[in-house]
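Read-outs throughout are calculated quantities, based only on the coordinates presented, and are distinct from any laboratory measurement. Here the structure is a predicted model, which is why all the values come from computation and not from measurement. Virtual Cβ from ideal backbone geometry, glycine too; neighbours counted across all protein chains shown.
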C-alpha cells in the first residue's frame with residue numbers, strides 16, 4: 001500500500017462522516033478545550049487595538065461585556081451540537097435547508113481560511129523577529145509559509161494528538177501570561193495604565209471596541225457545535241464552553257491590552273496588532289506563547305475547515321485527505337499575503353456581517369420554530385422536513401442577506417451609536433421569527449424521538465416526522 005493510501009485510510013478512519021457522534025467529554029474537559037482554543041495570538045493582539053483609542057478601564061470593561069454577550073450566542077449554538085451530535089455546519093440544514101446550508105458552509109470555509117492565514121502570518125512574523133534578532137536574517141513570508149506547512153501536516157496527521165495535549169499547552173501558556181502580568185503591574189500601577197490619554201483621531205469608541213469583541217465570539221461560534229457535540233451532557237457543554245471561552249478571551253485580550261500599554265508607558269515604539277511590539281518588550285517567553293498557540297489552534301481551524309467541506313453535502317463522496325491537501329495548499333499560499341494583517345479589523349467586520357445573521361436564524365429555528373428538536377431527516381440527502389423548496393429555505397437565505405447587508409451598512413455607511421452587531425442580530429432574529437411562526441404551529445404535537453445516539457437526559461427530544 002502506498003504512503004498516500006495509508007494516509008487516506010488513516011484520516012478516513014478518524015472522520016465521523018458528518019453523522020451524529022456520542023459525546024463522552026466531561027464539563028472540565030470541554031472547559032479546558034475552550035480555554036486552550038482561545039488563548040491564541042489573534043485574541044491577544046486584538047487587545048492591542050483598543051488603547052489609546054479609548055482609555056484602559058473602558059477597553060477592559062468592553063472586553064468583559066462583549067465576551068459575556070458573545071458567549072451567550074456561542075453556548076446556544078454549541079448546545080444544539082450537544083443535543084444533536086452534529087457539527088455547526090450540518091446543523092445549518094435545519095434552518096437553511098439541505099441544499100441551502102451550502103451557502104453558510106461556503107462562508108464558513110472562507111472565514112476559517114482567513115483565520116488560518118492571519119494566524120500563520122502572526123506566527124511567521126514572530127519567528128522572523130527572533131531569528132532576525134539572533135542572526136540578522138529576515139524573511140517573514142518564508143517563516144509564515146513554514147509555520148502554516150507545519151499546521152497542515154498536524155491537521156492531517158496529528159489533530160487528535162493536538163486536541164489531547166492542548167489543555168496542557170494551556171497550562172504552560174497561562175503560566176507565561178501570569179509572568180507578563182506580574183512584570184507589567186510591577187513596573188507600573190493601575191493609575192499609570194489609566195493615565196494614557198485617549199486619541200479620538202484613531203476612530204475608536206467604546207461601542208466599536210464592543211463590536212470587535214463580539215465579532216471575536218462570532219468567529220469562534222462557527223466551531224462551537226463542532227467542539228460541544230463531544231460533551232457528555234448539554235449542561236457540561238454549556239457551562240464548560242461558557243467558562244472556558246469567557247476566561248480565555250478576557251485573559252488573552254486583557255494581556256494584549258496590558259502588554260501594549262506597558263510598551264507605551266515604557267516610551268518604546270508601539271504598533272497595534274504587531275506581535276513584534278510586545279515580543280520585543282517581554283522576550284522569548286511571549287514568543288513561545290504565540291508560536292505554540294498558533295500551532296495548536298490553527299491545526300484545529302484547518303481540520304474544521306476540511307471537515308466542513310467534506311461533510312457539507314449529505315452523502316458526499318469527498319474524502320478527507322485529498323480535500324485537506326487542496327485546502328492546505330491554499331492556506332499555505334495565502335500565508336504569504338502579509339498585507340491582510342493591516343486589514344484585521346475589516347476582517348472581523350466581515351465575519352460579523354457573514355455570521356451574526358446566520359446564528360440569529362439558527363437560534364430562532366432550533367429553539368423556537370422547531371421547539372428545541374430536529375428530526376432524523378436532517379441526515380437525508382433529499383426530502384423530509386428540511387427540503388423546503390428544492391432543498392432551500394428561501395426565507396432564511398433572504399433574511400440572511402438582509403441581516404448581513406444591514407450589518408455592513410451600519411458599520412460603514414450609516415454607523416449607529418450602538419454599533420452594528422447587536423442591531424443586525426436583533427433585526428435578523430425578529431424577521432425570521434415573524435416569517436417562520438406558521439411553520440412552528442404546523443408541527444405542534446408531533447411525536448418525538450432522539451436524533452443523536454448520545455442524546456442525554458437533560459437534552460430535549462427531537463421530533464420525527
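Give the peptides 342-352, 97-107 in descending order of average Cβ contacts within 10 Å, highest first.
Values: 342-352: 18.5, 97-107: 22.2.
So the order, starting with the most tightly packed, is 97-107, 342-352.
With viscosity set to 1.002 mPa s and temperature to 20 °C, compute the Stokes-Einstein D of the stretch 234-282, Rh being the Kirkwood radius across alpha carbon pairs; µm²/s, no decimals. Show your work: numbers first, answer last.
Details: Rh = 12.3 Å.
Here the translational diffusion coefficient equals 174 µm²/s.
Would you list the P(r) distribution for the stretch 204-329, with all Cα-Cα distances sorted into 5 Å bins from 0 and each bin expressed as a whole %?
Computed distribution, short to long bins: 2, 8, 13, 16, 16, 15, 13, 8, 5, 2, 1, 0.
Hey, can you rank 123-130, 198-205 by average C-beta count inside 10 Å, highest first?
On the way: 123-130: 23.0, 198-205: 13.9.
Result, highest mean Cβ count within 10 Å first: 123-130, 198-205.
Considering the zone a paramagnetic label at residue 72 would reach in this model (a point 7 Å from Cα along the Cα-to-Cβ line), which residues of the stretch 392-433 have amide N under 15 Å from it?
421-430
Which whole-number percentage describes the relative contact order of the chain, with Cα contacts under 8 Å and a sequence gap of 6 or more? All intermediate terms of the calculation are to be shown ahead of the outcome.
Details: 804 pairs, mean separation 147.8, N = 465.
This gives 32 percent for the chain.
Could you point to the label whose value was computed as P(r) over Cα pairs in 10 Å bins from 0, in percent for the structure here, given [x] 4, 21, 31, 26, 13, 4, 1, 0; [y] 4, 16, 21, 19, 17, 13, 7, 3, 0; [z] 4, 19, 29, 27, 16, 5, 1, 0?
Among [x] 4, 21, 31, 26, 13, 4, 1, 0; [y] 4, 16, 21, 19, 17, 13, 7, 3, 0; [z] 4, 19, 29, 27, 16, 5, 1, 0, the one calculated here is [x].
Given a Förster radius of 60 Å and the C-beta distance between residue 133 and residue 382 as r, what FRET efficiency does 1/(1 + (r/R0)^6) yield to the nearest 0.05? All intermediate terms of the calculation are to be shown ahead of the outcome.
Numbers: r = 59 Å, r/R0 = 0.99.
For residue 133 and residue 382, the calculated efficiency is 0.50.
So, R0 is 45 Å and r is the distance between the beta-carbons of residue 179 and residue 317; what FRET efficiency does that work out to, to 0.05? Could the numbers behind the result be given before it?
Numbers: r = 50 Å, r/R0 = 1.12.
In this case the efficiency is close to 0.35.
At residue 202 and residue 389, where each label point lies 7 Å from the Cα along Cα→Cβ, what is the point-to-point distance in nanometres?
4.8 nm
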